[in-house]
1. Which of the residues spanning the range A:104-133 are part of a helix (DSSP H, G or I) and exposed (fewer than 14 other Cβ atoms within 10 Å of the Cβ)?
2. Can you spot a residue in the range A:29-49 that is within 26 Å of B:Ile194 (Cβ to Cβ) and within 13 Å of chain B (Cβ to nearest Cβ)?
3. Can you name the number of the only condition in (1) outside any loop (DSSP other than H, G, I, E, B); (2) of a type in the set (Val, Ile, Thr); (3) away from chain B (no Cβ under 14 Å) that C:Val84 fails?
4. Kindly list, by first and then second residue, each pair from a residue in the range A:181-206 that is free of Cβ contacts under 8 Å to residues at least 40 places away in the same chain and more than 16 Å from A:Leu15 (Cβ to Cβ) to a residue that is surrounded by fewer than 17 Cβ atoms within 10 Å (Cβ to Cβ) and not hydrophobic (A, V, I, L, M, F, W, C), limited to pairs with Cβ atoms under 8 Å and residues at least 6 apart or on different chains.
5. Evaluate the range C:56-64: report whether one residue or more is within 25 Å of C:Ile189 (Cα to Cα), surrounded by fewer than 18 Cβ atoms within 10 Å (Cβ to Cβ), more than 10 Å from every other protein chain (Cβ to nearest Cβ) and touching a residue at least 12 places away in the same chain (Cβ under 8 Å).
6. Working only within the range C:95-119, note down all residues that are part of a loop (DSSP other than H, G, I, E, B) and within 22 Å of the chain's Cα centre (by Cα).
7. Would you point out which residue out of A:Leu67, A:Leu98 is at pLDDT 95 or above, within 24 Å of A:Arg146 (Cα to Cα) and within 14 Å of chain B (Cβ to nearest Cβ)?
8. Among the numbered criteria (1) away from chain B (no Cβ under 14 Å); (2) surrounded by 20 or more Cβ atoms within 10 Å (Cβ to Cβ); (3) closer than 30 Å to B:Trp188 by Cα, which single criterion is violated by A:Leu86?
Amino acid sequence: MGFFEFAADILPRLLAATGVTLEITAGSMTLGLIIGVLLALGRVYGARPVRWVTNAYIQFFRGTPLLVQLLIVYYGLSPYFRMAGLRLSPLVAAIAALGLNSAAYQAEYLRGAIQAVRSGQMMAARAVGMSRVQAIRHVILPQAFRLVIPSWSNELIYSIKYSSLAYFISLSELTFVGKKVALNTARTFEAYLVVAAIYLVIVVIVSRLLTMLENRIRIPGLGVSRAHR
Amino acid sequence: MDTILHSIWPIVRDGLPNTVLLTLGLLGLGLALGFPIAFAQVYGYRPLRWACKGYEQFFRGVPALVLILLLHSGLARSFHILLPTFASGLIALGLRSSAYQSQIFRGAIQAVHPGQMIAARSIGMSKWQAIRHIVLPQAFRLSIPPWTNEYSSVLKDTSLVSAIGVVEMMKKTMLLMPTVQYREGAKWILMLLIVAALVYLLLTYAGNMGLGLLERRVRLPGFEMTGKVER
Amino acid sequence: MTGESTNDIVLRAQDIHKTYGDLEVLRGVSCELARGETKVVIGPSGTGKSTLLRCINQLTIPDSGRVWLGDTEITCKDCDINAVRAQIGFVFQDFNLFTHLTALQNVRIGPMRVKKMDRPTATRLAVEELERVGLGDKAGAYPAELSGGQKQRVSIARALAMFPQLILFDEPTSALDPELIGEVLEVMISLAKEGMTMLCVTHEMGFARTVADEIIFMEGGIILEQGAPDRLFSNAREPRTREFLNKITELYGE
């Protein structure tokens with residue numbers, strides 16, 4: 001069998017697992033967005049204790065490996081869940097851990113974007129008579145969200161790749177299933193190559209889509225350099 | 001709680017050496033490959049630039065974990081090349097780091113103002129002399145902040161080689177989990193993991209501080225440290 | 001060209017053409033500089049004045065045309081362009097000082113790396129040139145610590161340290177605040193009086209009237225008129241020349 005026939009053979013199983021990968025990504029990015037926005041607002045506009053707490057959160061989640069965070073959620077917290085009569089599924093644990101992690105990065109990107117907008121715009125908004133909250137809502141955030149898109153796209157790509165960590169908690173996403181398939185055949189190398197190819201294809205497609213989106217909603221004169229993950 | 005405290009030492013004693021060795025090795029391998037690739041991308045001919053771009057895309061699109069498995073299991077079972085687990089991890093993640101580092105260096109080289117090169121040529125320097133004496137010294141300084149980021153990334157990625165059995169800090173922690181569960185109860189696993197996390201945090205800070213010192217030492221008055229690194 | 005040189009022609013440019021995209025910026029420009037002469041090129045923006053300078057030392061490659069430095073043609077294919085550039089000084093509008101080096105190191109690096117001078121000799125030379133432009137005390141300063149006028153003077157010192165046969169000045173004062181222009185012009189005037197061969201693109205008419213042997217007026221990619229400053233200012237042939245000179249004197253003063 002040639003490579004492509006082999007690939008076609010194992011593809012169905014892998015594609016089913018890819019669905020789980022995408023689920024994890026979607027769930028964690030959403031969670032990350034919600035918490036990230038709150039963290040960013042806290043970091044920029046909060047009182048000192050709030051800023052301290054959000055900073056600590058961000059430092060922890062950026063300074064420790066994602067794998068540790070995942071194990072903390074899954075193995076560390078499940079005894080406590082069981083006490084409450086709940087069961088923590090691997091999928092939920094993966095989404096939670098990745099989401100909490102992503103939130104820290106998204107918060108930093110958004111904070112950078114907010115601060116890139118801040119000074120003159122806020123002054124102008126207050127000068128017109130808006131309250132601080134109104135200014136944030138109608139002037140700062142709309143601009144900040146546009147500025148943050150390149151970094152957010154980056155983060156999305158990152159999430160797709162690091163969903164693979166759910167392998168460690170035996171969740172049937174692409175890498176975990178990929179390993180099973182790969183060990184099931186003597187053509188292990190090629191099998192992993194197919195897995196790699198699937199990730200590549202997803203990443204490339206998503207990148208292209210996001211670039212198109214970026215161009216669609218671009219406003220002339222509004223831009224910032226990308227943050228580095 | 002006792003077991004937890006007694007676990008800190010084993011994690012450090014048995015896990016830290018490999019974590020540190022891997023981190024240094026990855027950064028080194030990434031640097032050794034990444035810099036020439038960046039150079040080729042900025043100054044090379046089109047087919048060369050194209051190849052480098054492809055290299056970059058591949059290693060940035062494929063998850064690190066898959067690369068590790070590919071290199072270890074894949075080579076072993078398909079081609080009967082059984083690499084030691086440490087080597088597999090080192091090469092897989094090292095190649096990956098080289099792709100990211102080439103990005104960093106490429107961005108830094110391109111961030112050096114074109115006028116610098118022009119001025120160098122205007123006093124009669126050859127292209128190579130200009131690159132060596134004028135562009136690279138500036139690019140080096142511009143690359144330190146993003147490189148500090150890469151250090152952090154690499155340190156965290158070393159945890160992934162636990163998948164193929166390398167006993168670094170993550171693997172050691174995982175090996176201790178059953179003991180803790182047995183001795184103290186499942187609820188203490190959380191504590192163990194938090195301890196492991198904190199050790200990583202410490203290493204991150206130590207490295208960041210070290211690199212921050214380097215940055216300060218080579219800093220020049222008024223020199224722009226705003227290296228715009230493009231993804 | 002054989003035979004004609006009595007007056008030791010340092011630079012000769014012949015029929016330079018350069019096109020960018022659809023725009024032909026230089027449409028056949030020729031000029032000549034004898035040793036010790038100072039010539040000033042003026043004209044509306046975008047008429048290719050800077051391009052002309054860059055074509056002379058090949059920082060921009062002309063589409064056609066030839067350039068000679070002394071008796072040697074420098075527009076040939078196998079010419080060692082680096083050796084040529086070492087003999088032609090260039091002063092940029094944006095200074096382009098090497099930002100990671102001190103003033104001293106900036107001036108010294110050319111002699112050291114290109115002319116392979118040893119460090120002590122090169123350092124002595126650099127100090128001399130810095131003192132010549134009035135910045136002996138700023139040898140250890142980095143470009144970021146210098147004012148615009150000081151930066152430009154360092155860049156002149158950098159050019160001088162190579163002992164060039166001539167120096168090309170590309171709008172050397174255009175990026176400077178008004179108060180800083182004077183110090184740079186002073187240096188340029190004393191250089192001209194000392195006998196340096198200079199080709200300057202500038203708006204500074206005071207400078208032109210003081211030391212220029214000839215003013216060259218360019219527009220639309222060609223030389224419209226050229227002649228001694230006094231003649232051009234009082235009795236220019238072309239109406240465009242007169243118009244432009246009046247406008248310039250209005251804007252920039254004498």
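1. A:Ser119, A:Gly120, A:Met123, A:Ala124, A:Ala127, A:Val128, A:Arg132, A:Val133
2. no
3. For C:Val84, the exception is condition (3).
4. A:Val204/B:Gln57
5. Taking every residue of the range C:56-64 in turn, none turns out to be within 25 Å of C:Ile189 (Cα to Cα), surrounded by fewer than 18 Cβ atoms within 10 Å (Cβ to Cβ), more than 10 Å from every other protein chain (Cβ to nearest Cβ) and touching a residue at least 12 places away in the same chain (Cβ under 8 Å).
6. C:Phe95, C:Asn96, C:Leu97, C:Phe98, C:Thr99, C:Lys115
7. One residue alone meets the criteria, A:Leu98.
8. (2)
The values are calculated or read from the model by the stated rules, or taken from the named source; none is laboratory data. All of these numbers come straight from a predicted model, not from anything done at the bench. Glycine gets a Cβ as well: all are built from the backbone with ideal geometry, and neighbour counts include every protein chain shown.
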